[in-house]
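Visitor: Input: one structure, supplied below.
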Amino acid sequence: MLDFLQHLDRRWIFLLMFIAVAVPLIMGTTFPEVPSDQVMAVFEAVDNLPDGSNVVMALDYDPASQGELQPMASAFTRHCAIKKHNIYFMTLWPQGISMIQNSIGILQDEYPETYKGKYGTKYVNLGFRAGNEGVIKLVVEDLKKSYSTDIHGTNLDNIPLTKNLKNIQQVDLLCNVSAGYPGSQEWVLYGSSPFDIPTVVGCTGVQAPIMLPYIPDQLTGMLAAIKGAAEYEQAIINAYPELESNPNAKEGLVRMGPQLVAHLLLISLILLGNVIYIWERKQGLHQ
Amino acid sequence: MKRTVPLFISAITGFVLIGTAFIPKFVDWGNDAMAWFNLLAAFAFILGGGNLLKMQLQKISAQQPGWGYAAVTLIAFFVTLFVGLVKVGVHPNVKFPEFAWSGDYLQEDGAFWWLFEYIFTPLSATMFALLAFYISSAAFRAFRAKNTEATILLIIAVIILLGRTYASVWLTGWLPDEFILGDSGIKYSDFNLQNLSEVIMENFTTAGMRAIKIGIALGVASTSLKVLLGVDRSYLGSDQEV
Amino acid sequence: MKQSTLIWTILMVAGGGFLLFQASKGNGRVYVREIPVEATASQPDSEPQVYQWTKNQQVPQSEKDDPGVSFSLSRTVGLWVAAFCTLAIFSFLYGDNPLYKFTEAIFVGVSAGYAMVVAFWTEIATNLFAKLLPGLARITFYPDIDSTTRPELLYLIPLVLSILLLWRLSPKGSWIARWPLAFFIGATAGIRLISYLETDFIGQLQSTVMPFLVFASDGSLLWDKSLKNTVFIVGVLSCMVYFFFSIEHEGIIKYVSRLGIWVLMVTFGASFAYTVMGRIALLSGRLVFLFNDWLGI
């Protein structure tokens, strides 16, 4: 048996992983989530702002990370929409423009009374600018030097939301969803830390440990990986039960089913691999 | 000319930007420098495209193995470039309909949007989705408890993997919500896997990452100074460059 | 035929059959609602002219019989192309094959083209072309530019630097690209020096300065918080001692640095677990596309 496992074709492991993720997804298995303190810090940062506050939504991710980050971005958007906040969308990733479109779709389809036909007065799409941290340096000091127009080519001086906005130090909150460089770390380095801009981030599992040391002094809160997204969705549903009936508001919660089975599979594989290793050592194969 | 001028350019730019933190007058100069920096970053995308073109053409002209795929790359590149720059299928901006090119280049139902939505998105997302399979195979073949350090790493990984899913409730949810040793402030339930994983993240992972961050910060500062003072000139390449 | 090859063939045929079955049920079709758009010319001096076109809004399949909703051929083709691309990339799991290489080649080309187009429209056209030639920009891409806007000649400097950067592609004189590169490197070094020192060095040290012993307002020792602080400070210091490579790790330093290695192992263990979590979420995202958007399961 161990001999068979030792020479197991890796494609069988791939198949197991596929089944571990696919079956719970098809079955729609979900589990109850209890929001952690860290997630509640993010929730409160958005929720405690007075209705109609100004929020910058920096969506720095691409389709490659959409599976992990779209639930967070959607949850941030819904939460801001419930609070009727004014939203400034921007991205440091060229592929992030479509990610912004997804969030604007949520505003228009789910909250038409607040946002439909209110472009420029309730939300604005600044789009992408090249330069990574160079863009952050400019938007925190002189926004219009980097963004003279929005994504549609409209002059920012002709848009009510941006007319009097000199830089994003004037906004009430910065929400960042990030898949890597440039992203959360750069926003803290060049934005939230030197200029004390209240900031919350949602980031990938890879980035989560890197961002931890900034909390709470330089960063208000963080949603870490898909688990953070699921807990945040649950926190919003707990506070605004009308979302309970919206399946789109549970994207992250639905993903926790496959997450459980796949984690168990991975732990089993690690343990099995170590059993084989110990057996090989006993056989003297590692001398 | 080849080496001295770049050294001056780099030192002046760098010290002006450092000066923005201390001298108010430098802030405007710094912002101008950042605006130029961002423009150069945009031109770097063009340079990247140009390099790709050069390499693929070399591959095709030398008929190297797989040159057919290089041709496919070039066709995809030119089609994307054309539909994006010409704004194929894009309606004008509603406020300025008489200006045919005033529409958003990534407008829904435009050809460029179609390429992004139905070709770029699935390809890039699936490329990264493959990693889930390879990480499972690597876990089976390479993640071995060979010594104390590897064993610690393995145990912590297992605790976090369990603690971040509902498995933590199944396995340790039964731990009672009662104090250990009277009024000690610590409960049995504090040892359930979810709490344990949070304690590990807050105390140990944060501590380790903080030390790494401090080390990196010192490294970045010293490297930056070496570059600005001209001690490190590796970015200038060799003297043999034509 | 080898046994494993036979099993894989059966699995793939079964998968293909399932796909055909799902497609035959009418899944994988996209419907849109047509929304008429009417726009009036903005120039006050020209004759009032009305422009009309329609824009499409994707609707769920359940609304396909609603008035104003129609089948979208381009989006349906797109959906199937997307599904094909997904499966082609997944085919690499079985082994390298021409289908994978073909889609990979397309990916490289489209990515490079996409990045160039976005860089052109968002930065070069807006922040260079419109700054240097506002009049021309106003009658072409950006009609919203104020007619009194004057050219900003200072932007000739980044224009020259950009041309020098592109000179790198030329077979001769590519050394001139060192000038814009030096500007780029100098600017990066300048902004990073201050930010990293302020946020990642001083900021992180400040956050670590906390009391070993924490007392409650009534003077009693809060030993759980004290233990937490002590563990944290010892953890940070021991890791930093390990990173101190300019002294020999002997005596007490050896033991402290060993403790530092263990703390780092805990850090990397957690990082590994979080990475796994992220990768699985990406796979879930892709399967949601295949199952929900394409197959309608």
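Visitor: Exactly one condition in (1) crowded, with 24+ Cβ neighbours inside 10 Å; (2) modelled with pLDDT under 95; (3) farther than 27 Å from C:Tyr142 by Cα is not met by A:Pro194; state its number.
Guide: Just one mismatch for A:Pro194, condition (1).
Visitor: Do you know which of the residues in segment B:211-232 that are among the β-branched types (Val, Ile, Thr) and facing chain C (nearest Cβ under 8 Å) is surrounded by the most Cβ atoms within 10 Å (Cβ to Cβ)? So that I can check it myself, show each step before the final result.
Guide: First pass over segment B:211-232, keeping only residues among the β-branched types (Val, Ile, Thr): B:212, B:214, B:216, B:220, B:223, B:227, B:231.
So of that shortlist, the ones also facing chain C (nearest Cβ under 8 Å) come out as B:212, B:214, B:216, B:220, B:223, B:227.
Numbers: B:Ile212: 21, B:Ile214: 23, B:Ile216: 14, B:Val220: 19, B:Thr223: 16, B:Val227: 25.
Restricting to residues being among the β-branched types (Val, Ile, Thr) and facing chain C (nearest Cβ under 8 Å), the top hit is B:Val227.
Visitor: For segment C:234-244, indicate whether the set of residues that are under 32 Å from the mean Cα position of the chain (by Cα), at the interface with another protein chain (Cβ under 7 Å from one of its Cβ atoms) and closer than 30 Å to C:Ala23 by Cβ is non-empty.
Guide: Taking every residue of segment C:234-244 in turn, none turns out to be under 32 Å from the mean Cα position of the chain (by Cα), at the interface with another protein chain (Cβ under 7 Å from one of its Cβ atoms) and closer than 30 Å to C:Ala23 by Cβ.
Visitor: Here's something else I'd like to know. Among the residues of segment B:39-54, are any in contact with a Leu (Cβ under 8 Å, 6 or more places away or on another chain), open to solvent by 30 Å² or more (accessible area, probe 1.4 Å) and polar (S, T, N, Q)?
Guide: Scanning segment B:39-54, I find at least one residue that is in contact with a Leu (Cβ under 8 Å, 6 or more places away or on another chain), open to solvent by 30 Å² or more (accessible area, probe 1.4 Å) and polar (S, T, N, Q), so the answer is yes.
Visitor: Within segment A:135-157, is even one residue modelled with pLDDT under 95 and more than 14 Å from chain B (Cβ to nearest Cβ)?
Guide: Checked against the condition, which is being modelled with pLDDT under 95 and more than 14 Å from chain B (Cβ to nearest Cβ), segment A:135-157 yields at least one hit.
Visitor: Still on this structure, I have one more. Just checking, how many residues over segment A:172-191 are more than 18 Å from C:Ile191 (Cβ to Cβ) and either open to solvent by 10 Å² or more (accessible area, probe 1.4 Å) or basic (Lys, Arg) (or both)?
Guide: So the answer is 3.
Visitor: Looking only at segment C:93-107, count how many residues are at the interface with chain B (Cβ under 8 Å from one of its Cβ atoms), open to solvent by 60 Å² or more (accessible area, probe 1.4 Å) and without any contact (Cβ under 8 Å) to a residue 12 or more places away in the chain. Don't jump to the end; show me each part of the working.
Guide: Initial filter on segment C:93-107 (at the interface with chain B (Cβ under 8 Å from one of its Cβ atoms)): C:93, C:101-107.
Applying the additional criterion that residues be open to solvent by 60 Å² or more (accessible area, probe 1.4 Å) yields C:101-102, C:104.
Narrowing the set further to residues that are without any contact (Cβ under 8 Å) to a residue 12 or more places away in the chain leaves C:101.
Residues meeting the conditions: 1.
Visitor: Kindly indicate whether any position in segment B:165-188 is in contact with an Asp or Glu (Cβ under 9 Å, 6 or more places away or on another chain), surrounded by 14 or more Cβ atoms within 10 Å (Cβ to Cβ) and among the charged types (D, E, K, R).
Guide: Checked against the condition, which is being in contact with an Asp or Glu (Cβ under 9 Å, 6 or more places away or on another chain), surrounded by 14 or more Cβ atoms within 10 Å (Cβ to Cβ) and among the charged types (D, E, K, R), segment B:165-188 yields at least one hit.
Visitor: I would also like to ask the following. Considering only residues that are crowded, with 24+ Cβ neighbours inside 10 Å and over 21 Å from C:Val276 (Cβ atoms), look in segment A:197-213 and name the one that is nearest to the other protein chains (Cβ to nearest Cβ).
Guide: Checked segment A:197-213; the qualifying residue nearest to the other protein chains (Cβ to nearest Cβ) is A:Pro213.
Visitor: Mind checking which pairs have a first residue in segment A:84-113 that is over 20 Å from B:Phe120 (Cα atoms) and assigned to a helix (DSSP H, G or I) and a second that is open to solvent by 20 Å² or more (accessible area, probe 1.4 Å) and modelled with pLDDT under 95, Cβ under 7 Å, 6 or more apart or different chains?
Guide: Short answer, once both residue conditions are applied: A:Gln108/A:Lys116.
Visitor: Additional query: Which one of the conditions (1) in contact (Cβ under 8 Å) with a residue 24 or more places away in the chain; (2) at positive phi does C:Gly219 fail to meet, given that it meets all the rest?
Guide: The number of the failed condition is (1).
Visitor: Can I ask one more? Test C:Gly17 against the criterion of being on the phi > 0 side of the Ramachandran plot and out of contact with any Leu (no Cβ under 9 Å at 6 or more places or on another chain), and give yes or no. Please lay out each step first, then the result.
Guide: Working: on the phi > 0 side of the Ramachandran plot: no; out of contact with any Leu (no Cβ under 9 Å at 6 or more places or on another chain): yes.
It is false that C:Gly17 is on the phi > 0 side of the Ramachandran plot and out of contact with any Leu (no Cβ under 9 Å at 6 or more places or on another chain).
Visitor: Which condition breaks for B:Ser168 when tested against (1) part of a helix (DSSP H, G or I); (2) facing chain C (nearest Cβ under 9 Å); (3) under 27 Å from C:Gly235 (Cα atoms)?
Guide: Unmet condition: (2).
Visitor: Regarding segment A:252-261, can at least one residue be identified that is part of a helix (DSSP H, G or I) and more than 14 Å from chain C (Cβ to nearest Cβ)?
Guide: no
Visitor: Report yes if some residue within segment C:133-141 is open to solvent by less than 30 Å² (accessible area, probe 1.4 Å) and either at pLDDT 95 or above or more than 7 Å from chain B (Cβ to nearest Cβ) (or both); otherwise report no.
Guide: Among the residues of segment C:133-141, at least one is open to solvent by less than 30 Å² (accessible area, probe 1.4 Å) and either at pLDDT 95 or above or more than 7 Å from chain B (Cβ to nearest Cβ) (or both), which makes the answer yes.
Visitor: Taking only segment B:18-37 into account, find how many residues are within 27 Å of the chain's Cα centre (by Cα), more than 20 Å from A:Lys144 (Cβ to Cβ) and in a helix (DSSP H, G or I).
Guide: Within segment B:18-37, residues that are within 27 Å of the chain's Cα centre (by Cα), more than 20 Å from A:Lys144 (Cβ to Cβ) and in a helix (DSSP H, G or I) number 1.
Visitor: Of C:Leu159, C:Leu213, C:Leu166, C:Leu153, which residue is without any contact (Cβ under 8 Å) to a residue 24 or more places away in the chain, surrounded by 13 or more Cβ atoms within 10 Å (Cβ to Cβ) and of a type in the set (A, V, I, L, M)?
Guide: Checking each option against the conditions leaves just C:Leu166.
Visitor: Go through segment C:151-223 and tell me which helices (runs of 4 or more DSSP H), entirely inside it, have 2 or more residues that are more than 28 Å from B:Ala207 (Cβ to Cβ).
Guide: Because the criterion is at least 2 residues that are more than 28 Å from B:Ala207 (Cβ to Cβ), the helices (runs of 4 or more DSSP H) in segment C:151-223 that meet it are C:156-166, C:178-195.
Visitor: Going residue by residue through segment C:227-247, is there one that turns out to be out of contact with any Ser or Thr (no Cβ under 6 Å at 6 or more places or on another chain) and over 26 Å from B:Ile216 (Cβ atoms)?
Guide: Yes: segment C:227-247 contains one or more residues that are out of contact with any Ser or Thr (no Cβ under 6 Å at 6 or more places or on another chain) and over 26 Å from B:Ile216 (Cβ atoms).
Yes/no per residue for (1) in contact (Cβ under 8 Å) with a residue 40 or more places away in the chain; (2) over 15 Å from the mean Cα position of the chain (by Cα); (3) under 20 Å from B:Tyr166 (Cα atoms):
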| site | (1), (2), (3) |
| --- | --- |
| A:Ser192 | no, yes, no |
| A:Gly202 | yes, no, no |
| A:Ile237 | no, yes, yes |
| A:Leu243 | yes, yes, no |
| A:Pro247 | no, yes, no |
| A:Glu251 | yes, no, yes |
| A:Leu269 | yes, yes, yes |
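Visitor: A further question follows. Just to be sure I understand, how many residues within segment A:1-36 are part of a helix (DSSP H, G or I) and more than 8 Å from chain B (Cβ to nearest Cβ)?
Guide: So the answer is 16.
Visitor: Between C:Ile185, C:Ile194, which is away from chain A (no Cβ under 12 Å) and open to solvent by 30 Å² or more (accessible area, probe 1.4 Å)? Can you show your working first?
Guide: Details: C:Ile194 fails: away from chain A (no Cβ under 12 Å).
Of the residues listed, the single one that is away from chain A (no Cβ under 12 Å) and open to solvent by 30 Å² or more (accessible area, probe 1.4 Å) is C:Ile185.
Visitor: Examine segment B:87-105 for a residue that is within 7 Å of chain C (Cβ to nearest Cβ), open to solvent by 30 Å² or more (accessible area, probe 1.4 Å) and β-branched (Val, Ile, Thr), and state whether such a residue exists.
Guide: Among the residues of segment B:87-105, at least one is within 7 Å of chain C (Cβ to nearest Cβ), open to solvent by 30 Å² or more (accessible area, probe 1.4 Å) and β-branched (Val, Ile, Thr), which makes the answer yes.
Visitor: Go through C:Arg279, C:Arg286 for me and flag whichever is touching a residue at least 60 places away in the same chain (Cβ under 8 Å) and within 7 Å of another protein chain (Cβ to nearest Cβ). Step through it out loud before you land on a result.
Guide: Details: C:Arg279 fails: touching a residue at least 60 places away in the same chain (Cβ under 8 Å).
Answer to the check: C:Arg286.
Visitor: Taking the condition out of contact with any His (no Cβ under 9 Å at 6 or more places or on another chain), open to solvent by 30 Å² or more (accessible area, probe 1.4 Å), more than 7 Å from chain C (Cβ to nearest Cβ) and within 14 Å of C:Ala273 (Cβ to Cβ), does B:Leu196 pass?
Guide: It is true that B:Leu196 is out of contact with any His (no Cβ under 9 Å at 6 or more places or on another chain), open to solvent by 30 Å² or more (accessible area, probe 1.4 Å), more than 7 Å from chain C (Cβ to nearest Cβ) and within 14 Å of C:Ala273 (Cβ to Cβ).
Visitor: Right, something else. Taking strands (runs of 3 or more DSSP E) that fall entirely within segment C:13-94, which contain at least 3 residues that are within 33 Å of the chain's Cα centre (by Cα)?
Guide: So the answer is C:31-40, C:50-59.
Visitor: Within segment B:125-147, work out how many residues are more than 7 Å from chain C (Cβ to nearest Cβ), in contact with a Phe, Trp or Tyr (Cβ under 8 Å, 6 or more places away or on another chain) and part of a helix (DSSP H, G or I).
Guide: Residues that pass the stated criteria total 2.
The values are calculated or read from the model by the stated rules, or taken from the named source; none is laboratory data. Predicted model only: the values in this text are computed from it and were never measured. Counting neighbours? That spans all protein chains shown, and the Cβs are built from the backbone with ideal geometry, glycine included. Heavy atoms of the whole protein, side chains included, go into the accessibility calculation; ligands, DNA and RNA do not. Shrake-Rupley method; radii C 1.70, N 1.55, O 1.52, S 1.80 Å.
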